[in-house]
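Engineer: Got a structure for you, written out below as structure tokens; questions coming shortly.
The values are calculated or read from the model by the stated rules, or taken from the named source; none is laboratory data. These numbers were taken from a predicted model, which means no experiment stands behind them. So basically every Cβ, Gly included, is an ideal-geometry build from the backbone, and we count neighbours across all protein chains shown. Note: accessible area is taken over every heavy atom of the protein model, side chains too, but ligands, DNA and RNA are not part of it. Shrake-Rupley method; radii C 1.70, N 1.55, O 1.52, S 1.80 Å.
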Amino acid sequence: MLSLFQLLASLLTVTAVFAWLNHRIFRLPANIGLLVMGLGASLLLIAIELLFPQTHLYGALTQGLRQIDFYEAVMHGMLAFLLFAGALHVDLGRLRRRAPVVGVLATVGVGISTLIIAGGLWAGAAALGIDIAFAWALVFGALIAPTDPVAVLSTLKAVDVPETLETDMTGEALFNDGIAVVLFTITLEAATGPSEDFGLSHILRLLVVEAGGGAALGLATGFLAFRALRAIDDYSIEVMISLALVTGTYALADMLQMSGPISVVVAGVLIGNHGAADAMSAQTRRYVFGFWTLVDDTLNAVLFLLIGLEVLVLGFDPDLARIGLVAIPLALLARFASVGLPVAVLARWKSFARGTVPVLTWGGVRGGISVALALSLPASPDRPVILVAAYAVVLFTIVVQGLSLDRVVRRTALPDDATAPGPDQPAPSSAPSASGKA
């Protein structure tokens with residue numbers, strides 16, 4: 001068995017080698033290229049194992065990967081850093097102007113999508129002769145309904161999206177995963193046998209304490225970090241403060257049973273805006289933002305490679321492959337409805353960029369969070385069905401939708417001057433000013 005250091009060394013080495021090969025040869029978008037190469041390597045190893053059973057390479061690599069708890073690695077490891085790094089670059093002014101849109105998409109949209117996916121999967125599985133309880137179909141709907149902030153932000157780096165639309169996509173992705181984790185917890189409790197106190201009051205308490213409490217906690221810890229940053233001018237200490245903010249906030253949220261994702265997003269938005277403008281010198285801003293960009297790129301690369309390699313340890317039943325063909329169009333249909341209905345209602349009060357519905361629909365990328373939640377499910381007859389369906393949707397959205405989103409944007413959002421400021425979209429503001437410490 002590999003030690004923790006050997007495991008991390010192997011993973012980072014493979015990530016670096018694959019990233020170099022992709023940059024030199026395949027030239028796919030960085031994270032998508034790593035996922036495709038990881039998946040290709042996994043399928044190649046499986047084929048070698050079938051053709052040459054005496055080889056031990058497949059078994060050795062699979063054993064190493066089994067040492068990685070994907071759920072713990074994502075939900076209690078990478079996610080806090082990736083969300084904070086993404087939130088640092090969110091323009092608070094633009095987010096505030098689009099708050100009603102982002103809020104509805106991240107809450108009502110997730111609920112609509114969950115119900116459509118659950119009903120469709122339950123009916124589709126029955127038509128294929130695959131048994132799945134409706135309660136477990138709801139669990140699948142909750143874990144696959146939200147867009148993945150890591151995958152969405154990674155995709156947006158390579159796509160030129162109109163400003164208003166980018167704010168809607170980014171804001172929704174950063175906040176809907178916190179709501180979805182609460183919804184996942186509720187549906188999982190119902191599927192595994194609700195306790196006596198499980199009811200509307202219990203559900204409301206989860207929503208208020210986890211989502212609302214997480215936001216309040218992030219605001220409080222972010223403000224403390226802001227005051228600490230403002231009191232000194234030493235970039236190395238200020239980078240450490242930002243690192244402590246992320247780890248401390250997420251750990252405290254876990255202890256208090258609040259939403260860690262929402263708390264670090266709120267803290268990141270606060271530091272990325274007020275902290276950068278009023279509490280950091282120009283030199284500190286370069287180091288802090290440079291550090292978090294490096295963390296973001298490195299962890300993104302490792303995560304996408306892990307998603308591709310995870311097929312080695314999932315142990316799919318080939319007879320269940322058909323459910324993936326049902327889940328993919330179902331996820332697209334649910335995404336279209338969960339975007340189209342709120343946009344149709346909100347359009348009376350808020351302006352939307354041209355092509356908002358098709359771009360948000362096709363840009364609804366799922367990623368590591370959905371895989372992690374699926375892998376966290378307890379053993380049950382329905383778990384293999386959910387794993388296959390979740391993995392199929394994640395691969396399709398990242399590879400197919402991620403690679404073609406740019407074309408969708410060009411065809412639907414950019415024929416007119418979609419980037420021109422709308423009624424609630426003033427001209428883009430400049431980067432954080434150099435006010436504060438000189």
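Engineer: Name the helices (runs of 4 or more DSSP H) wholly within the stretch 25-101 that hold at least 2 residues that are of a type in the set (Val, Ile, Thr)?
Structural biologist: Counting at least 2 such residues, we get 30-51.
Engineer: Of the residues 271, 307, which is open to solvent by less than 10 Å² (accessible area, probe 1.4 Å), among the β-branched types (Val, Ile, Thr), more than 16 Å from residue 149 (Cβ to Cβ) and touching a helix residue (DSSP H, G or I) at 6+ places or on another chain (Cβ under 9 Å)?
Structural biologist: Being open to solvent by less than 10 Å² (accessible area, probe 1.4 Å), among the β-branched types (Val, Ile, Thr), more than 16 Å from residue 149 (Cβ to Cβ) and touching a helix residue (DSSP H, G or I) at 6+ places or on another chain (Cβ under 9 Å) holds for just one of 271, 307, which is 271.
Engineer: Exactly one condition in (1) at pLDDT below 95; (2) assigned to a helix (DSSP H, G or I) is false for residue 271; which is it?
Structural biologist: Of everything listed in (1) at pLDDT below 95; (2) assigned to a helix (DSSP H, G or I), residue 271 misses just condition (1).
Engineer: Search the stretch 17-36 for residues that are closer than 23 Å to residue 392 by Cα and in contact (Cβ under 8 Å) with a residue 24 or more places away in the chain and pair each with any residue that is open to solvent by 60 Å² or more (accessible area, probe 1.4 Å) and aromatic (Phe, Trp, Tyr) when their beta-carbon atoms are under 9 Å apart and the residues are at least 6 apart or on different chains.
Structural biologist: Sorted first by the residue in the stretch 17-36, then by its partner, the pairs are 36/26.
Engineer: Only helices (runs of 4 or more DSSP H) wholly contained in the stretch 321-412 count here; list those with 2 or more residues that are closer than 17 Å to residue 107 by Cα, open to solvent by 30 Å² or more (accessible area, probe 1.4 Å) and not small (Gly, Ala, Ser).
Structural biologist: Once the helices (runs of 4 or more DSSP H) in the stretch 321-412 are filtered for at least 2 residues that are closer than 17 Å to residue 107 by Cα, open to solvent by 30 Å² or more (accessible area, probe 1.4 Å) and not small (Gly, Ala, Ser), what remains is 321-346.
Engineer: Being within 17 Å of residue 385 (Cβ to Cβ) and of a type in the set (Lys, Arg) is the filter here, so list the residues in the stretch 322-350 that pass it.
Structural biologist: Within the stretch 322-350, 322 is the sole residue that qualifies.
Engineer: Cβ-Cβ distance below 8 Å, separation of 6 or more or different chains: which pairs start in the stretch 121-137 with a residue that is over 15 Å from residue 324 (Cβ atoms) and end on one that is open to solvent by 70 Å² or more (accessible area, probe 1.4 Å) and outside any helix (DSSP H, G or I)?
Structural biologist: Sorted first by the residue in the stretch 121-137, then by its partner, the pairs are 131/381.
Engineer: For the stretch 37-79, give me each residue that is touching a residue at least 24 places away in the same chain (Cβ under 8 Å), of a type in the set (Ser, Thr, Tyr) and surrounded by fewer than 20 Cβ atoms within 10 Å (Cβ to Cβ).
Structural biologist: 58, 62, 71
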